[in-house]
Amino acid sequence: MIWLSVLAMTLIGALGAFFLKAGMDRVDSLPALFRTPKIYLGGCCYLAGAGLNILLLRLMDYSILYPMTALTYIWSMLLSASFLGERITKQKLTGVAAILAGVFILSR
């Protein structure tokens, strides 16, 4: 259950960044920033992810949980490829493999 919560926390954090990026693509002035729903959605996702992180800190060691937030990079890569048309390169896949190896080592 804890590991699913870690996955959820990192996904929610990645969604926060994704919605901020998607919202900023349409912002051309400061007033427009405050009229963009995706900006608010991104902020809410960030807050939710931070809240879940705080709860998880009660259940896990900081030295294990904090490095696992690197899973956010994997979610970000998948979201950007799926919805923003960004390419997944060999270099990005190598980075993902390194992150997954680190998370696996920490989880043991």
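For this structure, a couple of remarks:
- Residues of the range 58-81 falling in the label zone of ALA101, defined by backbone nitrogen less than 19 Å from a point 7 Å along Cα to beta-carbon, are 67-75.
- Identified option (computed log10 I(q)/I(0) by the Debye sum over Cα atoms at q = 0.13, 0.21 Å⁻¹; candidates [x] -0.38, -1.09; [y] -0.43, -1.10; [z] -0.55, -1.09): [z]
- With helices as the sole contributors, the chain gives -26000 deg cm²/dmol at 222 nm; each DSSP H run of n ≥ 4 counts as -39500 (n - 2.57), and the sum is divided by every residue.
- Global form of the range 56-108, assessed from the alpha-carbon gyration tensor, a/c cut-off 1.5: oblate
- Counting only alpha carbon atoms, the long axis of helix 71-83 and the longest principal axis of the chain meet at about 40°.
- Degrees, to the nearest 10: 90-107 long Cα axis against longest axis of the chain: 50 degrees
- Per-pair calculated FRET efficiency, R0 = 25 Å: ALA81 and ALA32 via Cβ, rounded to 0.05: 0.40
Since every read-out is calculated from the coordinates, none of them should be taken as a lab result. The structure presented is a predicted model; accordingly, all values stated were derived computationally and were not measured. Glycine gets a Cβ as well: all are built from the backbone with ideal geometry, and neighbour counts include every protein chain shown.
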